[in-house]
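The values are calculated or read from the model by the stated rules, or taken from the named source; none is laboratory data. Computed from a prediction, not measured in an experiment: that's the story for all the values here. All Cβ positions, even for glycine, are placed from backbone atoms using ideal geometry, and neighbour counts span all protein chains on display.
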C-alpha cells in the first residue's frame with residue numbers, strides 16, 4: 001500500500017485502471033490530461049474524489065482507494081494531490097480484468113485496452129516494475145495492441161457502476177441468478193439519469209449480464225461474442241442521449257441495450273479455432289526501429305534445406321539487427337543448428353520455418369539434455385533475443401506421431417527419441433511474440449538454465465491427421481529457469497498445457513486457453529534419486545480449460561528411486577473448466593505408481609502455501625461426483641493448502657472434493673477411504 005501519487009505518471013495518454021476485485025469488472029478511463037486546479041469545479045462534486053492510496057492486490061490488478069466510497073458513480077474523477085488534480089475524461093470501457101506482465105526490470109509493459117475503438121489508442125506504460133519510473137513516451141499510440149478483443153461499440157451516455165464495498169462483495173455463483181443483474185441495472189439507471197453525464201464519453205458495450213457472469217470472470221475470451229447490436233438499440237440510445245432530460249426514455253433505451261447483452265449466447269467458451277482466436281487477439285508488428293534488416297533466400301520445396309543460410313543470416317543480424325523471414329515464404333531446416341552465440345538480435349518470422357521429417361538424420365544429429373532424455377533440432381542461447389511475427393514454426397510432426405505410436409516416453413527402454421521444436425539454453429531476456437507453433441514431435445518449448453523468458457500472444461497447435469495422436473507435446477516446459485512468463489496464449493495439444501519442470505521460479509501465466517490438454521501442472525519434480533528439485537513463486541490466473549484430463553495440478557514423484565525437494569508459493573486463480581476429469585489435482589504419488597508402492601515409498605517433496613481460488617465450470621463426470629483430488633505424502637510437509645470460491649459441478653451429481661493425508665483445505669473434503677468405498681480412484 002502506498003500513499004504517494006507521484007508513482008502514477010501524469011500526462012496525455014495515461015490510463016487509470018480501477019478494479020472491483022470479486023466481480024472482475026475493470027473500468028478504464030483514457031485520454032487523460034493534467035489540470036492544475038486544486039479542487040474540482042463547483043457542481044461536479046460527485047465526479048471528484050481524492051486519491052487516498054493505491055495497491056497491487058495481485059500481479060494483475062491495480063486497486064485505487066479513494067476518500068469517497070459509494071458516492072462516486074462514474075469513472076471520470078479528478079484525483080487531487082497537493083499540487084493539483086489528475087482529471088480523466090474520454091472513452092470508458094467495462095470488461096473483465098486483464099492481466100499485466102510481471103515486473104521484469106528494463107522492459108516496458110503496457111496495460112492492454114480494447115480494440116475496435118479508434119480513439120482508444122493510448123496506453124499506460126510501466127517501466128522497471130509495476131509503478132516505477134516512466135521513460136516511455138505516453139503521448140504516442142502503441143504499435144502493438146494486445147488487449148481485450150471483439151467488443152462492439154455502443155455510443156451513449158456515461159454508464160457506470162458504484163465501486164462500494166457492498167458491490168465488491170457481491171458474487172454471482174449461479175447461472176440462473178437474476179438478482180445481481182437487476183441490481184446492476186438499478187445502478188445503471190441511476191448513472192444514466194445523472195444530468196451532468198453528457199456527450200463527452202464513448203461507452204464500450206458492457207460485457208456483463210446474468211448467465212454470462214460466471215464465464216466473464218475469465219480473460220479476454222469472455223468479451224461479448226456478438227459484436228453488433230440490433231438496429232433498434234443504437235436508435236433508442238441516441239434518443240436517450242439527445243433527451244437526457246427525459247429520464248424514463250433514456251433509461252428504457254439503455255436498459256434495452258444492456259439487457260440484450262445480458263441474454264447473449266452463454267455457451268461461448270472462448271475461441272475454438274486459430275482464426276477465431278486471431279480475430280479476438282490479432283498480433284500487430286512493432287513500428288520501424290532503425291535496426292539493420294537481413295534477408296535470406298527461401299526454400300522452394302520441403303527438401304530445399306536453408307540451414308546454412310539461416311545460420312549465416314543470424315550471424316549477420318547479431319548485435320543489433322533483425323533477420324526477416326517474410327510472409328508467404330518457407331524456410332526449411334534440415335540440419336541441427338547451434339544458435340547460442342546470440343546478442344541483441346531479432347527474428348521477424350512472418351513466413352514459415354519448417355523442419356524436415358528425416359527421422360533417421362534427426363535421431364543421430366541433435367542437441368541433448370539429460371532430463372527425460374530430451375533432444376532438440378537446434379538450440380538458442382545468448383541475451384536480448386526477440387522472435388516475433390505472424391508466422392509459423394513447424395515441426396512437421398506427423399511422421400513422428402506415426403513412429404511413436406504405442407510407445408511411452410518415460411519407458412527406460414525407449415530409444416525412439418523425438419526432437420523438441422524450440423529449445424533454449426543459457427538465454428537471458430528471451431521474448432517470443434505472436435508466432436504459431438505447430439507439429440511439434442514432442443515438447444513444443446523447453447527452456448533451460450535461463451532468465452527472464454516471455455511468451456506473448458502465441459498459438460500452439462499439435463494435431464494429427466490420423467489415429468496416431470501426438471504424445472507428450474507439452475506447450476511449455478522448463479528446467480532451472482528464473483522468470484518465466486506466458487500470457488495471452490491459445491493452446492490445442494494432447495499433453496500438459498504448461499508444465500515447468502525442476503528448479504523453475506518466478507512464474508507468471510495469464511490469459512491462456514487450453515483445449516484437450518493435461519492441464520496446467522507444476523512439475524513433475526522429484527524424479528531422480530538423490531536430486532533435490534523445487535518449484536516456487538508461481539502465479540497462474542485467467543485460464544479456460546476445456547476437454548482436459550486435469551485443470552490445475554501439482555505433480556511430485558514417489559517410489560524407491562524418487563528424489564526430493566519442494567513446491568511452494570503457488571497460486572491458481574480464475575479457472576473456468578469444462579469437460580475436465582479432475583479440475584483440481586495435488587498428486588504426491590506420480591508417475592503411474594501403484595498405491596502399495598506409493599505407501600511403502602512415499603514422496604519426499606514438500607508442498608506448501610498453495611492456493612486454488614475461483615474455480616468455476618464442470619467436470620467431465622469421469623470420476624463421478626469428484627471434482628478435486630488432493631493427495632499428500634505422509635513423508636513430507638503438506639500444509640497451507642487452501643481452496644476458496646470453488647463453484648464446480650459434475651454431471652453425476654453434487655460435486656465433492658477428495659482429500660488424502662490432509663483435511664483442512666478451506667472447503668469440505670471427503671476422506672479418500674470413504675471415496676474408495678464408492679469406487680473412486682485417482
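Going by the structure shown, is residue 593 surrounded by fewer than 24 Cβ atoms within 10 Å (Cβ to Cβ), in contact (Cβ under 8 Å) with a residue 24 or more places away in the chain and in a loop (DSSP other than H, G, I, E, B)?
In short, yes.
In this structure, is residue 617 under 30 Å from residue 653 (Cβ atoms), in a loop (DSSP other than H, G, I, E, B), in the same structural domain as residue 647 (by TED's automatic domain parsing) and in contact with a strand residue (DSSP E or B) (Cβ under 7 Å, 6 or more places away or on another chain)?
no
For residue 327, work out the one condition from (1) crowded, with 18+ Cβ neighbours inside 10 Å; (2) in contact (Cβ under 8 Å) with a residue 40 or more places away in the chain; (3) farther than 18 Å from residue 400 by Cβ it doesn't fulfil.
Failing condition for residue 327: (1).
Mind checking which residues of segment 414-443 are more than 14 Å from residue 380 (Cβ to Cβ) and part of a loop (DSSP other than H, G, I, E, B)?
Passing the criteria: 414, 415, 416, 417, 418, 434, 439, 440, 441, 442, 443.
If the requirement is being crowded, with 24+ Cβ neighbours inside 10 Å and outside the structural domain of residue 614 (by TED's automatic domain parsing), which of these qualifies: 567, 584, 525?
525
May I ask you to verify whether residue 552 is at negative phi, without any contact (Cβ under 8 Å) to a residue 40 or more places away in the chain, crowded, with 22+ Cβ neighbours inside 10 Å and assigned to a strand (DSSP E or B)?
In short, no.
What about residue 555, is it closer than 19 Å to residue 658 by Cα and either assigned by TED's automatic domain parsing to the domain that holds residue 620 or touching a helix residue (DSSP H, G or I) at 6+ places or on another chain (Cβ under 9 Å) (or both)?
Yes: the conditions hold for residue 555.
When the residues of segment 654-681 are narrowed to those that are surrounded by fewer than 17 Cβ atoms within 10 Å (Cβ to Cβ) and at pLDDT below 90, which ends up farthest from the chain's Cα centre (by Cα)?
Result: 677.
Tell me whether segment 382-392 contains one or more residues that are more than 28 Å from residue 482 (Cα to Cα) and touching a residue at least 40 places away in the same chain (Cβ under 8 Å).
No, segment 382-392 contains no residue that is more than 28 Å from residue 482 (Cα to Cα) and touching a residue at least 40 places away in the same chain (Cβ under 8 Å).
Scan segment 620-641 for residues that are farther than 23 Å from residue 501 by Cα and assigned to a strand (DSSP E or B) and jot them down.
Within segment 620-641, 626, 627 qualify.
Have a look at 491, 481, 509 and point out the one that is under 23 Å from residue 273 (Cα atoms), in the same structural domain as residue 445 (by TED's automatic domain parsing) and surrounded by 23 or more Cβ atoms within 10 Å (Cβ to Cβ).
Step by step, each of 491, 481, 509 is checked, and only 491 is under 23 Å from residue 273 (Cα atoms), in the same structural domain as residue 445 (by TED's automatic domain parsing) and surrounded by 23 or more Cβ atoms within 10 Å (Cβ to Cβ).
Return the total of residues in segment 649-669 being within 21 Å of residue 602 (Cα to Cα) and outside any loop (DSSP other than H, G, I, E, B).
Final tally of qualifying residues: 3.
Among (1) in contact with a strand residue (DSSP E or B) (Cβ under 7 Å, 6 or more places away or on another chain); (2) at pLDDT below 95, where does residue 594 come up short?
If we test residue 594 against (1) in contact with a strand residue (DSSP E or B) (Cβ under 7 Å, 6 or more places away or on another chain); (2) at pLDDT below 95, just (1) comes out false.
Residue-by-condition table, conditions (1) over 34 Å from the mean Cα position of the chain (by Cα); (2) in the same structural domain as residue 394 (by TED's automatic domain parsing); (3) closer than 16 Å to residue 350 by Cα; (4) part of a strand (DSSP E or B):
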residue: 288; (1), (2), (3), (4): no, yes, yes, no
residue: 294; (1), (2), (3), (4): no, yes, yes, yes
residue: 310; (1), (2), (3), (4): no, yes, yes, no
residue: 319; (1), (2), (3), (4): no, yes, no, no
residue: 324; (1), (2), (3), (4): no, yes, yes, yes
residue: 328; (1), (2), (3), (4): no, yes, yes, no
